[in-house]
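Notes follow the structure.
What follows draws every value from the coordinates through simple rules; no lab data is involved. Keep in mind the model is a prediction, meaning the values are calculated, not measured. Positions of Cβ are backbone-derived with ideal geometry, glycine not excepted, and every protein chain shown enters the neighbour counts.
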Amino acid sequence: MEFEELRKIWDAQNNQPLYAINEKAMYNLILSKKKQAHHITNISELLLIFVNLGAGIMILALNLFRQSVNISLYLLSAWMLVTALYTLVRRIQRVKGDQQFDRSISGDLSHAISMASYQVHISQIMRWNILPIAALTLLGLWEGGKPVWIVVVVLLFFALTYYAGGWEHNIYKGKKRALEILQKKLGNES
Amino acid sequence: MTEKEQKQIFEEWLNQHKALIFKIVRVYGFTVMDQDDLFQEIIIQVWHSIPAFRKESSVTTWLYRVSLNTAIKWTKKERKHYQSEAIDGTQHILEESRVRTDERLTWLYEEIYKLDEIDRSITLLLLDGFSYKEMASILGITESNVGVKINRIKKQLISKSKKYDHHGI
């Protein structure tokens with residue numbers, strides 16, 4: 001068959017609907033998904049901001065209330081507030097950057113790659129961020145004269161969080177790699 | 001834009017251009033469950049895209065852009081619907097038409113499905129009569145790149161169709 005013949009076969013289907021649409025189910029789906037427009041990045045950013053802000057303020061307030069001289073906990077509170085501020089600044093930069101991509105498939109893929117890179121970057125930074133937070137928390141517990149078993153439990157908790165952070169980071173890296181392969185395929189001159 | 005206006009545009013687009021979405025769904029989804037899953041993803045994206053439509057391109061071009069973007073990215077997701085029935089109890093939106101289709105068309109769909117995600121998009125646009133310029137604009141690549149890809153795809157499809165003719169299926 002020549003290509004024009006293939007096109008004729010293709011065109012013939014335009015008069016034959018391939019499927020029927022269950023309209024009620026379709027509108028139910030749209031209604032249910034309409035409010036879920038928030039992207040996972042959006043949710044994780046807001047979580048990071050509010051958790052760090054909340055915990056930072058709470059630790060600071062408790063320290064001030066108890067008139068504690070536990071320096072590590074003051075440092076921990078300051079660190080968490082700075083983390084919340086950093087995430088907020090990065091979020092503003094990301095939202096502004098969202099407007100820079102054209103609406104072609106290549107532009108959309110570049111946007112998706114940029115989002116994936118952002119997720120990879122933030123997940124890595126937040127994973128490393130566990131280390132100073134863990135160190136300051138443990139120091140705070142030690143300064144406060146807490147029993148060893150509490151220190152061990154907290155240490156285990158941070159170790160698990162660090163491990164889970166690595167797992168999450170690898171998921172984002174995999175997603176980014178898949179998108180880069182797609183973009184490479186699109187741009188290949190073959 | 002009010003929700004009522006959005007719904008009105010959505011209905012109008014779907015009525016006039018559903019065949020376009022059906023073709024994409026069939027080219028990218030292997031099983032009926034996958035096709036239904038992809039159709040759901042596409043209509044959600046089309047719905048969300050309505051306020052961003054600035055009439056700088058035709059509705060067909062816009063819908064192709066949104067639907068192909070969704071389909072290409074959807075192929076990278078893990079499939080959840082290998083089973084014949086929905087796992088989560090959700091309702092199916094697509095029902096296969098009982099109209100008997102041309103065997104050659106079924107063969108053509110199968111051959112397009114064997115191509116990679118990007119080539120499938122180009123083949124769809126080519127068969128639907130888009131110019132190189134329009135394809136380059138939808139895909140975001142140069143016209144020369146589109147030309148190179150099309151030549152390769154055409155050769156591949158013609159060669160396969162000869163084998164098909166030869167076996168007289």
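Inter-chain neighbour count for B:152-158: the average number of beta-carbon atoms from partner chains within 10 Å of each residue's beta-carbon is 2.
What number do you get for segment A:1-135 when its Cα radius of gyration is normalised by 2.2 N^0.38 Å, N = residues?
Numbers: Rg = 25.1 Å, N = 135, 2.2 N^0.38 = 14.2 Å.
That ratio works out to 1.77.
Placing unit charges on each Cβ (+1 for Lys and Arg, -1 for Asp and Glu) gives segment B:100-169 a dipole about its Cα centre, and among B:Ser159, B:Ile122, B:Asn145 the Cα reaching farthest toward its positive end belongs to B:Ser159. Model label sites at A:Thr41 and B:Gln156, defined 7 Å from Cα along the beta-carbon direction, differ in position by 3.1 nm. Span-like helix check, chain B: qualifying full DSSP H segments, with Cα axial length of 15 Å or more and mean Kyte-Doolittle of -0.5 or more, are B:32-49, B:59-74, B:117-127.
Relative intensity of chain B on a log10 scale, I(q)/I(0) at q = 0.09 Å⁻¹, equals -0.34, per a Debye sum over C-alpha point scatterers of equal strength in the absence of solvent. Rounded to the nearest 20, the Cβ-based charge dipole of segment B:101-147 about its Cα centre (Lys and Arg +1, Asp and Glu -1) stands at 140 debye. I need the calculated FRET efficiency for the pair B:Val148 and A:Phe157, taking r as the beta carbon distance and R₀ as 56 Å, to the nearest 0.05. Efficiency, rounded to the nearest 0.05: 0.50. Computed over segment A:49-112, the convex hull of the alpha-carbon atoms projects to a mean area of 5.0 nm². Here the protein assembly as shown is assigned +1 on the Cβ of each Lys and Arg and -1 on the Cβ of each Asp and Glu. Its dipole about the Cα centre then comes out at about 760 debye. When only alpha carbons of segment B:100-169 are considered, Rg and Dmax amount to 13.1, 39 Å. All other residues whose Cβ lies under 15 angstrom from that of A:Trp167 are scored, Lys and Arg at +1 and Asp and Glu at -1, for a net of +2. In this structure, A:Ile130 and A:Lys184 have a Cβ-Cβ separation that, at R0 = 51 Å, corresponds to a calculated FRET efficiency of about 0.90. Would you compute the Debye intensity of the protein assembly as shown from its alpha-carbon atoms alone, equal scatterers and no solvent, and pass along log10 I(q)/I(0) at q = 0.07, 0.09, 0.11 Å⁻¹ to two decimals? The calculated log intensity ratios at q = 0.07, 0.09, 0.11 Å⁻¹ are -0.43, -0.65, -0.86. Counting only alpha carbon atoms, the long axis of helix A:148-187 and the longest principal axis of chain A meet at about 20°. Along the positive direction of the dipole of chain B (beta-carbon charges: Lys, Arg +1; Asp, Glu -1; about the Cα centre), which of B:Ala136, B:Ser97, B:Ile50 reaches farthest? Checked the options; the winner is B:Ala136. Under a model in which nothing but the beta-carbon of Lys, Arg (+1) and Asp, Glu (-1) is charged, segment A:40-187 shows a dipole of about 300 debye around its Cα centre. A Gaussian network model of chain A, with springs between Cα atoms under 10 Å, assigns the largest mean-square fluctuation among A:Ala20, A:Ala84, A:Ala55 to A:Ala20. Once the Cα atoms are used to define both axes, helix A:105-143 deviates from the longest principal axis of chain A by about 10 degrees. Packing, as the average of other Cβ atoms within 10 Å across residues, places the peptides B:13-22, A:143-152, A:3-12 in the order B:13-22, A:3-12, A:143-152, highest first.
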